[in-house]
Amino acid sequence: MKRLPRIEQYGLIGDMQTSAHVCDDGSIDWLCLPRFDSSAVFAGLLGTHKHGTWQIAPAAPGPSGPRAVAERRYRGDTLVLESIWRTPDGSVRVLDFMPPRDGAPQVIRIVEGLVGEVAMVSAMCPRPGYGSVSPWIHEAGGRMVAEAGADALWLDTCVRQVEKDGVVVSAFAVRAGQSVAFVLSWSPSHAPAPGIPDANAALTETLALWQDWTRQCAYDGPYREAVVRSSIVLKAMTYGPSGGIVAAPTTSLPEEIGGDRNWDYRFTWLRDASTTSAALLGTGYRQEAQAWRRWLLRAVAGDPENLQIMYGITGERDLRERELPWLPGYEGSAPVRVGNGAADQLQLDVYGEVIDTLYLPHQSGVAHCADTAVLHRRLIEHLARRWQEPDEGIWEIRGGRRHFVHSKVMAWVAVDRTIRLAEAGALDMDVAPLVELRATIHREVCDKGFDPVRNTFTQSYGSKELDAATLLIPRTGFLPPDDPRVIGTVDAVRRELSTDDGLVYRYRTCGEAAGVDGLTGDEGTFFLCAFWLVDGLALTGRLDEARALFEHLLALRNDLGLLAEEYDPIQQRQLGNFPQAFSHMGLIQSALLLQQMVAQSSRRQGGVAVPTPRSASRSTRQSAADLTPQHA
């Protein structure tokens with residue numbers, strides 16, 4: 001049995017309809033076909049190689065099993081993964097990618113000889129149904145096909161293929177200047193066989209697609225490489241036909257090794273997708289923002305009173321959660337879940353994220369369409385009736401509803417952005433009652449959600465616990481960055497929820513706080529929350545500290561620039577579903593904010609007094625609610 005790699009040892013390839021996870025030992029251990037939310041045909045990531053994998057690697061293993069590649073990288077600003085193997089006999093390069101879909105979804109792997117002659121092995125073990133089904137593997141018209149139920153997997157190559165114990169094996173050698181291509185295509189089992197593409201032509205087309213897209217990036221700041229890579233990741237997690245954005249392309253990668261905080265993220269959360277759309281818009285990608293707006297209109301339809309916090313990638317509403325007992329889970333982290341019961345929760349902050357994202361395109365010159373205006377009005381009318389209710393909040397707790405401070409702040413954001421659009425003439429609504437509602441929400445949050453003794457906003461009304469989501473208060477414009485309550489909240493989160501090097505927990509899950517979310521066990525620090533701390537430090541005048549923390553977070557990315565949801569500061573490894581849209585969105589937005597703050601600081605140094613480290617200038621305060629990034 002091959003060793004189980006760490007999460008960060010994987011790279012991502014995809015075609016904007018689904019994706020595959022390629023390990024640095026040459027194996028693909030996760031692939032859902034034909035969509036992100038379809039059953040996995042390779043599920044080894046959540047079990048063993050017997051649950052489905054496809055490895056291409058040198059034939060001679062290292063002393064401790066399959067060796068890792070000598071080096072790997074994405075080819076330029078694309079999603080084509082390039083891995084180089086070096087052996088005593090020579091070296092080879094493997095190119096892994098999924099071409100833009102024109103018919104069947106395909107994974108293409110091209111093995112190129114660089115030096116000498118290297119013996120290679122391709123071993124594909126298909127297991128549809130999340131690793132539960134052994135398919136019928138046979139030859140059909142000179143091609144190898146694995147069929148099971150509704151699925152058919154066709155593997156085409158120029159080298160000999162044999163089936164052995166449910167594994168399709170090819171042993172071959174490549175010399176310098178030679179190449180061997182493998183093409184895996186999916187089709188419905190009842191349909192005609194898919195065509196066999198020209199692998200090199202598909203490579204050229206795939207490279208061109210990504211290069212053309214990344215050239216549209218408008219960001220040209222000091223962290224451009226990281227911003228572009230994160231933008232590519234977010235684009236890769238967008239389901240092209242609908243515009244829906246998955247929170248992550250995996251399910252059940254654990255938030256604690258051996259724990260049961262394992263969730264399916266292959267759906268479109270309104271919150272995650274809204275903020276992801278905002279991040280892409282902030283880097284110049286208007287088309288993605290418009291596609292997301294169209295998706296939202298279709299998903300919510302004429303029923304905003306029954307707004308779900310998440311939907312399927314084409315707007316499906318039934319996301320019932322179930323467990324897959326035959327999968328042992330990543331490093332024994334069970335259960336493995338598909339579907340997500342949080343779809344039925346009440347999360348009032350979602351109204352703020354969605355309405356904020358409807359406001360952002362208007363800021364960027366995208367017209368506020370009539371259909372969107374109708375939806376907007378109905379959303380705000382519904383929120384006005386429900387904002388005083390307790391909810392499950394941004395973190396989707398399963399331990400009972402509370403009056404979460406972040407939820408109330410985002411309700412304020414929804415009303416505030418509605419007022420702005422109405423005052424700009426983009427939305428036909430009576431402003432007077434909205435202004436009164438905005439003031440009422442603001443007053444209640446400051447009265448009930450603030451601890452004057454510790455000078456910090458708390459997780460919920462009457463609670464002593466903290467929540468990293470309160471770091472968003474200055475970003476939303478709820479309070480100016482130089483307000484003592486904002487500075488106190490940033491300091492409190494830093495003191496009580498952060499590690500020494502600035503990694504941030506969402507909230508405490510142990511001690512007196514245990515059980516607040518209704519779950520057992522613990523979890524890692526959240527990358528997104530650490531990026532929020534970057535923002536809080538920058539906005540409150542501690543720009544050098546903000547940049548130092550941001551660069552530390554960049555150093556925690558894997559060698560391909562990818563981030564999971566969480567990080568374990570003890571074992572120093574990534575945790576949770578991977579890659580995570582929230583993490584990459586947070587990276588982009590922090591980079592955009594730092595760029596703006598540095599520019600403002602430079603202007604002030606050119607003729608105006610620079611603020612002290614614990615205050616913010618009036619210009620910063622005015623812009624905090626108008627930033628294109630998070631909750632602008």
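The values are calculated or read from the model by the stated rules, or taken from the named source; none is laboratory data. None of the values given here were measured: they were computed from a predicted structure. As a convention, Cβ positions derive from the backbone with ideal geometry for all residues, glycine included, and neighbour counts pool all protein chains shown.
Here residue 230 passes the criteria (1) over 30 Å from residue 559 (Cα atoms); (2) part of a helix (DSSP H, G or I); (3) among the hydroxyl-bearing types (Ser, Thr, Tyr) except the one numbered (1). Determine whether residue 559 is at pLDDT 95 or above, under 20 Å from residue 77 (Cβ atoms) and either more than 22 Å from the chain's Cα centre (by Cα) or not polar (S, T, N, Q) (or both). So residue 559 fits the description; yes.
Filtering the stretch 252-268 to residues that are touching a residue at least 60 places away in the same chain (Cβ under 8 Å) and under 12 Å from the mean Cα position of the chain (by Cα) leaves 265, 266, 267.
The single residue among 271, 293, 261 that is within 27 Å of residue 40 (Cβ to Cβ) and not in a loop (DSSP other than H, G, I, E, B) turns out to be 271. For the stretch 237-259, a tally of residues being within 24 Å of residue 288 (Cα to Cα) and buried (at least 24 other Cβ atoms within 10 Å of the Cβ) returns 10.
A count restricted to the stretch 200-227 and to residues that are more than 21 Å from residue 555 (Cβ to Cβ) and in contact with a helix residue (DSSP H, G or I) (Cβ under 8 Å, 6 or more places away or on another chain) stands at 4. Kindly provide the set of residues from the stretch 67-89 that are out of contact with any helix residue (DSSP H, G or I) (no Cβ under 8 Å at 6 or more places or on another chain) and outside any loop (DSSP other than H, G, I, E, B), ordered by number. Result: 71, 72, 73, 81, 82, 83, 84, 85, 86, 87. Confirm whether residue 45 is touching a strand residue (DSSP E or B) at 6+ places or on another chain (Cβ under 6 Å), hydrophobic (A, V, I, L, M, F, W, C) and assigned to a helix (DSSP H, G or I). So residue 45 passes the test. Counting only strands (runs of 3 or more DSSP E) wholly contained in the stretch 115-216, the ones carrying 1 or more residues that are touching a Lys or Arg at 6+ places or on another chain (Cβ under 6 Å) and touching a residue at least 60 places away in the same chain (Cβ under 8 Å) occupy 179-188.
Return yes or no: is residue 53 at pLDDT 95 or above, buried (at least 24 other Cβ atoms within 10 Å of the Cβ), assigned by TED's automatic domain parsing to the domain that holds residue 97 and of a type in the set (Ser, Thr, Tyr)? The answer is yes for residue 53. The residues of the stretch 385-420 that are among the hydrophobic types (A, V, I, L, M, F, W, C), closer than 14 Å to residue 352 by Cα and modelled with pLDDT under 95 amount to a single one, 394.
Right, residue 533: more than 26 Å from residue 233 (Cα to Cα) and buried (at least 24 other Cβ atoms within 10 Å of the Cβ) or not? Criteria not met by residue 533.
Taken over the stretch 561-578, the criterion of being surrounded by fewer than 19 Cβ atoms within 10 Å (Cβ to Cβ), touching a residue at least 12 places away in the same chain (Cβ under 8 Å) and not in a strand (DSSP E or B) is satisfied by 569, 571.
Out of 492, 538, 548, one residue alone is surrounded by fewer than 24 Cβ atoms within 10 Å (Cβ to Cβ), closer than 20 Å to residue 472 by Cβ and either touching an Asp or Glu at 6+ places or on another chain (Cβ under 6 Å) or modelled with pLDDT of 95 or more (or both). It is 492.
Residues are listed down the side, and each one gets a yes or a no for (1) more than 30 Å from residue 284 (Cα to Cα); (2) hydroxyl-bearing (Ser, Thr, Tyr); (3) outside the structural domain of residue 523 (by TED's automatic domain parsing); (4) in contact with an Asp or Glu (Cβ under 8 Å, 6 or more places away or on another chain):
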| position | (1), (2), (3), (4) |
| --- | --- |
| 337 | yes, no, no, yes |
| 378 | no, no, no, yes |
| 393 | yes, no, no, yes |
| 404 | yes, no, no, yes |
| 415 | no, no, no, no |
| 423 | no, no, no, no |
| 430 | yes, no, no, no |
| 437 | yes, no, no, no |
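Got at least one residue in the stretch 588-598 being surrounded by fewer than 16 Cβ atoms within 10 Å (Cβ to Cβ), modelled with pLDDT of 85 or more and of a type outside the set (A, V, I, L, M)? Looking through the stretch 588-598, none of the residues is surrounded by fewer than 16 Cβ atoms within 10 Å (Cβ to Cβ), modelled with pLDDT of 85 or more and of a type outside the set (A, V, I, L, M). For the stretch 511-527, the criterion of being buried (at least 19 other Cβ atoms within 10 Å of the Cβ) and free of Cβ contacts under 8 Å to residues at least 12 places away in the same chain is satisfied by no residue at all.
Those helices (runs of 4 or more DSSP H) of the stretch 404-482 in which 3 or more residues are of a type in the set (Val, Ile, Thr) and either more than 32 Å from the chain's Cα centre (by Cα) or surrounded by 18 or more Cβ atoms within 10 Å (Cβ to Cβ) (or both) occupy 405-423, 431-448.
Here is a yes/no grid of residues against (1) farther than 17 Å from residue 138 by Cβ; (2) surrounded by 13 or more Cβ atoms within 10 Å (Cβ to Cβ); (3) not assigned by TED's automatic domain parsing to the domain that holds residue 135:
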| site | (1), (2), (3) |
| --- | --- |
| 163 | no, yes, no |
| 172 | yes, yes, no |
| 177 | yes, no, no |
| 181 | yes, yes, no |
| 189 | no, yes, no |
| 199 | yes, yes, yes |
| 205 | yes, yes, yes |
| 211 | yes, yes, yes |
| 215 | yes, no, yes |
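How many residues, within the stretch 7-39, are among the basic types (Lys, Arg) and closer than 21 Å to residue 94 by Cα? The total comes to 0. Whether a residue is in contact (Cβ under 8 Å) with a residue 60 or more places away in the chain and surrounded by 14 or more Cβ atoms within 10 Å (Cβ to Cβ) was assessed, and residue 384 does not pass this test. Yes or no: the stretch 333-341 includes at least one residue that is modelled with pLDDT of 90 or more and either closer than 29 Å to residue 372 by Cβ or part of a helix (DSSP H, G or I) (or both). Yes, the conditions are met somewhere in the stretch 333-341. Exactly one residue out of 270, 234 is touching a His at 6+ places or on another chain (Cβ under 8 Å) and at negative phi, and it is 234.
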